[in-house]
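Reading through the structure tokens given below for one structure.
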Amino acid sequence: MSAKGFTNPIVKWIDYRLPVFSYLHHELHEYPTPKNLNYWWNFGSLAGIFLVIQIVSGIVLAMHYTPHTLMAFDSTEHIMRDVNYGWLIRYIHSNGASMFFLVVYIHLFRGLYFGSFKAPRELLWMIGVVIVILMMATAFMGYVLPWGQMSFWGATVITNLFSAIPVIGDPIVTWLWGGFTVDNPTLNRFFSLHYLLPFVILGIVVVHVLALHQHGSNNPIGIDIKGPQDSIPFHPYYTIKDIFGLMVFMLFFAYWVFFNPNYLGHPDNYIPANPLVTPAHIVPEWYLLPFYAILRAVPSKLGGVVLMFAALIVLFLLPWLDTSKVRSARFRPIYRQFFWLIVIDCIVLGWIGANPPEGIYIVIGRIATTYYFVHFLIIMPLVGKLERPLPLPTSISESVMKKKPGLAAAE
């Protein structure tokens, strides 16, 4: 739409000189979207909304937070007790991080199930994996800021892992710490990066959306749009659907904020950091537990670090590891069974990460870690070559009308 298509004179004046309204109209209103998207596609927009919630609430919290080892814990308590609605802002931010990871993980597994990582969307998928990695780094540094026991010791353990890297490991750790131990320079570094990275993520999300709109959204049957009959405008159909999904998910979010705000955290973080007292069991937040379990799966420190990073790197390779030409698991009965196995495996890894590395937990953790890599590096390529997929519909419209014979007859 050109500037002359708008009726408001101010909008027309601005759009003629800077066509921002034309761009938004094309991308959010006219943008042709597959007509068969279901509610699993809501989680992409939910992730964007929670990113904004985290940025806004984080900016407000930063106004009252003091990044100093002698004052960080007390400033956090000051926010909770003295700042007007500070308790609400902090609980929104801390539980919002969990909700952000939850919707992103669902978004990621939805892409795995429906083959959204396959050509021509390989770069779209890889940009998404970069966003997940940046989220993990941001969340880890944010967990350190309250400067409680789990904050301090979590920072000590995780940063120490880099020392396992030959030659450059020790200089990296010294740079991260800003000295020779986790102390005030470390807290300042983490605060600065925790404040900065969400804006980096926001920029990459914009690139992610641009990559998405280049070839359009994937859909539950994994067939590209073949004509106007296969698509509908994004607005109002999917904007209404997204708003409904947002309202339902906000009820779920409100439960954690108002009725169970500390459940997803660790009670030791309400104890001021003490370098002389080590917690009995150091654990990260729940959304990092599967990778923590992979890290502990081998006795070698370097081996654990390599495995943990390999668990993320392998996700970049999925467009080439899955050799099947059919995208959606709806038409791949064997792949579908293995998909649910990897979901269960990731849940098991999370459970192992929450438990101490001893006894049966070590054995189960190693089995689950082995399956994680076997699934992506061996099973996916083999299933893609050996599986015989079910017949695909000829078009999106045909698959939709099959469910509605009355509409098909009316046409």
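Looking only at region 48-66, decide whether some residue is touching a residue at least 24 places away in the same chain (Cβ under 8 Å) and assigned to a loop (DSSP other than H, G, I, E, B). There is at least one residue in region 48-66 that is touching a residue at least 24 places away in the same chain (Cβ under 8 Å) and assigned to a loop (DSSP other than H, G, I, E, B).
Every test in (1) surrounded by 18 or more Cβ atoms within 10 Å (Cβ to Cβ); (2) modelled with pLDDT under 95 is passed by ALA408 save one, and that test is (1). Scanning region 246-285 for residues that are part of a helix (DSSP H, G or I) and surrounded by 17 or more Cβ atoms within 10 Å (Cβ to Cβ) yields PHE249, PHE253, TRP256, VAL257, ASP268, ASN269. Which pairs turn up if I take residues in region 351-362 that are in contact (Cβ under 8 Å) with a residue 60 or more places away in the chain and within 14 Å of PRO279 (Cβ to Cβ) and look for partners that are surrounded by fewer than 16 Cβ atoms within 10 Å (Cβ to Cβ) and of a type outside the set (S, T, N, Q) with beta carbon separation below 9 Å, at least 6 apart in sequence or on another chain? Within 9 Å, the pairs are ALA354/HIS281; PRO356/ALA280; PRO356/HIS281.
The single residue among PHE199, PHE180 that is of a type in the set (Phe, Trp, Tyr) and without any contact (Cβ under 8 Å) to a residue 40 or more places away in the chain turns out to be PHE180. Applying the set (1) in contact with a strand residue (DSSP E or B) (Cβ under 8 Å, 6 or more places away or on another chain); (2) surrounded by 15 or more Cβ atoms within 10 Å (Cβ to Cβ) to HIS29 leaves exactly one unmet item: (2). I'd like the full set of residues that are within 25 Å of ILE201 (Cα to Cα) and either free of Cβ contacts under 8 Å to residues at least 60 places away in the same chain or crowded, with 18+ Cβ neighbours inside 10 Å (or both), limited to region 34-44. Result: TRP41, ASN42, PHE43, GLY44. Candidates in region 321-335 are the residues that are surrounded by 16 or more Cβ atoms within 10 Å (Cβ to Cβ) and either touching a strand residue (DSSP E or B) at 6+ places or on another chain (Cβ under 9 Å) or basic (Lys, Arg) (or both); of these, the one that is nearest to MET126 (Cα to Cα) is ARG327. Based on this model, can you work out whether ILE92 counts as surrounded by 13 or more Cβ atoms within 10 Å (Cβ to Cβ) and either in a helix (DSSP H, G or I) or not aliphatic (A, V, I, L, M) (or both)? Criteria met by ILE92.
The values are calculated or read from the model by the stated rules, or taken from the named source; none is laboratory data. Note that the coordinates shown come from a computational prediction; the quantities given were computed from them, not determined experimentally. Reconstructed Cβ throughout: ideal geometry from the backbone, glycine too, with neighbour counts over all protein chains shown.
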